[in-house]
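Peer 1: What follows is a structure written as structure tokens; I'll ask about it next.
Every read-out reported here was derived from the displayed coordinates using simple, explicitly stated rules and does not represent laboratory data. If you're wondering where the values come from, they're calculated on a predicted model, not measured in any experiment.
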């Protein structure tokens, strides 16, 4: 009985990994982010290293969080050059 349960659990796990790998391979193929050579390399990675390759390919496919828009009221300050730094003369007189 326990052997049957182990075989079923292994079969379900393998089916899930194969299904996930196929899903990621389809996403990579349909993606506009990569050239055909990059797509071939990523699909190969997905199936040569089944779970880890699929996770890595999926990580590169997920959109990155958009950066916040620039602050329109920001006024950049430049550092004064050496010639612009005011010099104080200390001749010892107080």
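Peer 1: Tell me the Kirkwood radius of segment 2-63: reciprocal of the mean inverse pair distance over distinct alpha-carbon atoms, in Å.
Peer 2: Hydrodynamic radius (Kirkwood, Cα pairs) of segment 2-63 is 12.3 Å.
Peer 1: With a cut-off of 8 Å between alpha carbons and a minimum separation of six or more residues, what is the relative contact order of segment 2-63 in percent?
Peer 2: Relative contact order comes out at 34 percent.
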